[in-house]
1. How many residues does the range 42-55 hold that are over 15 Å from the mean Cα position of the chain (by Cα) and assigned to a helix (DSSP H, G or I)?
2. Are there any pairs with C-beta distances below 7 angstrom linking a residue in the range 140-160 that is at pLDDT 70 or above to a residue that is aromatic (Phe, Trp, Tyr) and open to solvent by 60 Å² or more (accessible area, probe 1.4 Å), with the two at least 6 apart or on different chains, and if so which?
3. Would you say Glu116 is open to solvent by 40 Å² or more (accessible area, probe 1.4 Å), touching a residue at least 24 places away in the same chain (Cβ under 8 Å) and either under 15 Å from Val231 (Cα atoms) or not β-branched (Val, Ile, Thr) (or both)?
4. Run down Val290, Val285, Val256, Val231 and say which single residue is within 21 Å of Ala63 (Cα to Cα) and either open to solvent by 10 Å² or more (accessible area, probe 1.4 Å) or assigned to a helix (DSSP H, G or I) (or both).
5. All but one of (1) over 13 Å from the mean Cα position of the chain (by Cα); (2) buried (at least 24 other Cβ atoms within 10 Å of the Cβ); (3) closer than 23 Å to Ile143 by Cα hold for Thr263, so report the exception by its number.
6. Scanning the range 63-81 for residues that are open to solvent by 30 Å² or more (accessible area, probe 1.4 Å) and in contact with a helix residue (DSSP H, G or I) (Cβ under 8 Å, 6 or more places away or on another chain), which turns out nearest to Ile130 (Cα to Cα)?
7. Run down Asp56, Asp94 and say which single residue is acidic (Asp, Glu) and open to solvent by less than 30 Å² (accessible area, probe 1.4 Å).
8. For the range 119-135, which positions are open to solvent by 10 Å² or more (accessible area, probe 1.4 Å) and within 15 Å of Ile201 (Cβ to Cβ)?
Amino acid sequence: MQALLDVILPVFLVIGFGYVAVWKGLFPATGVDALMKFTQQFAIPCLLFSAIAKLDLSASLDARLLISFYAGAASGFFLGFAGARILFKRDWEDCVAIGFCCLFSNSVLLGLAINERAYGQEALAGAYAIIAFHSPFCYGLGITAMEIARNLGQSPLVMARGVARAMFRNALVLAIAAGFIVNLTGLVLPNVLNDALDLVIRAALPTALFALGGVLIQYKPEGDARVIAMVCAISLIAHPAITWVLGTSLSVPRDVFNPGVLTAAMAPGVNAYIFADMYGRARRVAASSVLVATAASVITAWLWLMVLG
């Protein structure tokens with residue numbers, strides 16, 4: 001119970017402030033959209049760029065951690081895809097969008113905030129190692145599957161162009177790539193630039209959490225209840241369970257194992273809705289899944305903390 005009070009609730013209180021502020025008209029919905037754009041396009045890319053640029057790659061990039069997490073994420077995608085097709089008879093493009101909801105956990109807005117409160121700043125190296133590949137992996141898998149579903153019969157070159165175009169329009173992917181370039185080349189950034197980045201980075205997580213609350217009020221958990229329940233179960237239970245089993249069997253070091261499982265246990269991120277909206281498929285399922293799973297993760301994240309000790 002103490003973990004719930006000390007670690008989980010402060011994060012969700014900030015989300016709740018954003019939700020109530022927009023609900024009661026104390027903060028305009030258009031302002032929330034602007035805040036979310038600031039965090040997604042500027043503040044969080046700055047955070048990820050700085051974190052990857054300074055990351056000790058030899059110490060943090062544990063292949064066993066990445067295999068455990070991304071095997072769980074990919075399994076979530078295929079479970080969601082298969083469930084949508086076999087159980088709910090959705091068309092192929094809807095199945096991809098629903099699978100993406102099960103794939104893309106909220107590793108930054110929720111994952112970083114909860115991991116930092118649970119395990120301290122020093123434990124974020126494992127979380128950043130996952131995040132370094134999160135957007136490229138998830139968007140790469142989701143976009144490739146969607147382009148295949150949309151362009152059946154087209155040449156592989158047409159599909160490859162669609163994947164590349166979508167990937168290189170993503171600010172998170174570009175920021176992570178730039179961070180790796182700085183890290184691997186040993187380029188030293190001027191202090192004045194680092195100080196400017198730090199100013200933006202300090203605003204990233206609290207602003208993003210407040211904006212997430214304001215965005216969630218726009219989503220109504222209506223219709224498709226069984227599909228939404230499936231997405232929640234896969235995201236909040238199956239993905240972290242697979243990561244836990246694989247991480248245990250591969251003897252992932254505890255200092256990165258715990259953040260890895262906790263990151264896997266996060267609800268689908270707003271990017272799940274952005275992906276569905278980008279293709280115009282399963283938008284109601286995506287929006288409702290983000291809302292319902294985020295609310296449910298107050299309890300499930302606490303339970304995973306208990307499992308992890």
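The values are calculated or read from the model by the stated rules, or taken from the named source; none is laboratory data. Keep in mind the model is a prediction, meaning the values are calculated, not measured. Cβ atoms come from the backbone with ideal geometry, glycine included; neighbour counts cover every protein chain shown. Note: areas computed on protein heavy atoms with side chains; ligands, DNA, RNA excluded. Shrake-Rupley method; radii C 1.70, N 1.55, O 1.52, S 1.80 Å.
1. Here the count works out to 9.
2. Ala149/Trp92
3. no
4. On inspection, the qualifying residue turns out to be Val256.
5. Every condition holds for Thr263 apart from (1).
6. Among those residues, the one meeting the criterion is Leu66.
7. After applying the criteria, what remains is Asp94.
8. Passing the criteria: Gln121, Tyr128.
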